[in-house]
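What follows is a single structure, written as structure tokens, with notes after it.
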2 protein chains.
Amino acid sequence: MKYPTLYARIGAWAPIPEVEWDKAEALGKAVVFAKRARFLEPGQPADRFGFVLTGLFRAYRVSEDGVESVKAFRAEGELLGAYAEQLQGLPSATFIEALEPSTVLSFHSADLDTLEAGHPSWTQLARRIAEHHFVLKERREQEFLELDAEARWLRFREEQAHLIGRITQAEIAAYLGITPVALSRIVSRLRAR
Amino acid sequence: MKYPTLYARIGAWAPIPEVEWDKAEALGKAVVFAKRARFLEPGQPADRFGFVLTGLFRAYRVSEDGVESVKAFRAEGELLGAYAEQLQGLPSATFIEALEPSTVLSFHSADLDTLEAGHPSWTQLARRIAEHHFVLKERREQEFLELDAEARWLRFREEQAHLIGRITQAEIAAYLGITPVALSRIVSRLRAR
DNA sequence: CCTCGGCATTAACCTGGGTTAACGATGGGG
DNA sequence: CCCCATCGTTAACCCAGGTTAATGCCGAGG
């Protein structure tokens, strides 16, 4: 067992026997990413996923007219991958890029099939992960439907406080769906009150 | 087999043996909903789900300040339920309301456990459904991040063309995250061009 | 020490969409 | 047949957030 911290974290999602975990560690590869290096980028097959061991990534898209929007930040213990594209058998439409020097335990999509064939706990894990990510996205949908930019920023600051300071304000703005200028205005307006 | 159309539709998600399907039909109850009647509303336990047999529903929330935002429309063959709340063991925060006289094949959450205990195809189905709904929500997230109201309307008109005419423009506006007035403006502006 | 590149801030101006309200069309019920 | 409820339309006005651009603040590298 090389990654007990990760094992503990994932074990909370679904109870993975230690033997099974050892099989997974044998399949995965620890990969180092320099700042700005990419785990995945558009056009590449979405046939890999990974867990952040150390560091921080952002998953983002670039629209036709060149605007970057951030879908998520992923820190230690969290999952990396173009999950939606992978499920649909499409090539990635997403950049997944290190915001800090990072390390990742990286897998091929097929590794999951191998593990699932060997023990049902992996299937259970996969389902839990799908369900969890659904809940996250629905929460975000609700934020866009109900909240203006200031309220979204306040919620971000509350719920992802641990990220503030590690990422630039411009990246947060791209996550909130506004421009860096607008976020700066909001922040200073709140500071004034 | 009372609902072969539904069986065909769900069978496309995961291959359910006919015997298993018959068990499900025995657990489910066909329920009639008048227009405006509710399958579920906030505060109720999110312990049921159903499939639309005929008719049309909307799932919506009402924010603190009384604004309705529509999370989804659900027509024949589609799933009803406060899925996110159910997964989190929370009471519903969602209204699920018939927009037309409708019928639903309705289940208790526990029925799914029963079915899963009897045959693995139900587990597979549950996973597929989770994954599918994740993809839907991520697509919507992207629309809010990248598109303005006009572009969201155009995409809605394209992808959910079958709903237009069955639902009012005001309901579409609540789905797009804008006011009915704004949508009316957009529609007439496009008509003019 | 100076320079340069990346960020945040601020200002001026513009625009998409919100708000309120008046008006019209449609259609079902008495 | 008329009434009234429901919806969509349009107009006037307002404001949040976008756009562009200038300024200033580091911090890393020469």
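Residues in the range A:40-51 include at least one that is surrounded by fewer than 18 Cβ atoms within 10 Å (Cβ to Cβ) and closer than 19 Å to B:L147 by Cβ.
Check whether at least one residue in the range A:123-131 is part of a helix (DSSP H, G or I), in contact with a Phe, Trp or Tyr (Cβ under 6 Å, 6 or more places away or on another chain) and surrounded by fewer than 20 Cβ atoms within 10 Å (Cβ to Cβ), and report yes or no. Yes, the range A:123-131 contains at least one residue that is part of a helix (DSSP H, G or I), in contact with a Phe, Trp or Tyr (Cβ under 6 Å, 6 or more places away or on another chain) and surrounded by fewer than 20 Cβ atoms within 10 Å (Cβ to Cβ). Candidates are the residues of the range A:114-137 that are touching a residue at least 60 places away in the same chain (Cβ under 8 Å) and closer than 18 Å to A:E18 by Cβ; the one that is nearest to the other protein chains (Cβ to nearest Cβ) is A:Q124. Does B:R157 fit the bill of being basic (K, R) and either crowded, with 17+ Cβ neighbours inside 10 Å or touching a residue at least 24 places away in the same chain (Cβ under 8 Å) (or both)? For B:R157, the condition - basic (K, R) and either crowded, with 17+ Cβ neighbours inside 10 Å or touching a residue at least 24 places away in the same chain (Cβ under 8 Å) (or both) - is not met. Among the residues of the range A:160-193, the one identified as surrounded by fewer than 17 Cβ atoms within 10 Å (Cβ to Cβ), among the hydroxyl-bearing types (S, T, Y) and either touching a residue at least 40 places away in the same chain (Cβ under 8 Å) or away from DNA strand D (no atom under 12 Å from the Cβ) (or both) is A:S188. Those helices (runs of 4 or more DSSP H) of the range B:143-193 in which 1 or more residues are over 21 Å from B:V67 (Cα atoms) and either within 14 Å of chain A (Cβ to nearest Cβ) or near DNA strand C (Cβ under 8 Å from one of its atoms) (or both) occupy B:149-159.
Given the residues B:V135, B:V104, which is the only one that is part of a helix (DSSP H, G or I), modelled with pLDDT of 95 or more and in the same structural domain as B:R48 (by TED's automatic domain parsing)? So that I can check it myself, show each step before the final result.
Numbers: B:V104 fails: part of a helix (DSSP H, G or I).
Answer to the selection: B:V135.
Checked against the criterion of being surrounded by fewer than 18 Cβ atoms within 10 Å (Cβ to Cβ) and within 19 Å of A:Y175 (Cα to Cα), the candidates A:R58, A:R9, A:R36 yield just one match: A:R36. Can you say whether B:A84 is more than 16 Å from DNA strand C (Cβ to nearest atom), crowded, with 17+ Cβ neighbours inside 10 Å, free of Cβ contacts under 8 Å to residues at least 40 places away in the same chain and farther than 23 Å from A:E143 by Cα, as far as the supplied structure shows? So B:A84 fails the test. Name the residue that is nearest to the other protein chains (Cβ to nearest Cβ), counting only residues in the range A:61-78 that are among the hydrophobic types (A, V, I, L, M, F, W, C) and surrounded by fewer than 19 Cβ atoms within 10 Å (Cβ to Cβ). Within the range A:61-78, the match that is nearest to the other protein chains (Cβ to nearest Cβ) is A:V67.
The values are calculated or read from the model by the stated rules, or taken from the named source; none is laboratory data. Owing to the predicted nature of the structure, the values given are computational and were not obtained by experimental measurement. Cβ sites come from the backbone with ideal geometry, for glycine too, and all protein chains shown count toward neighbours.
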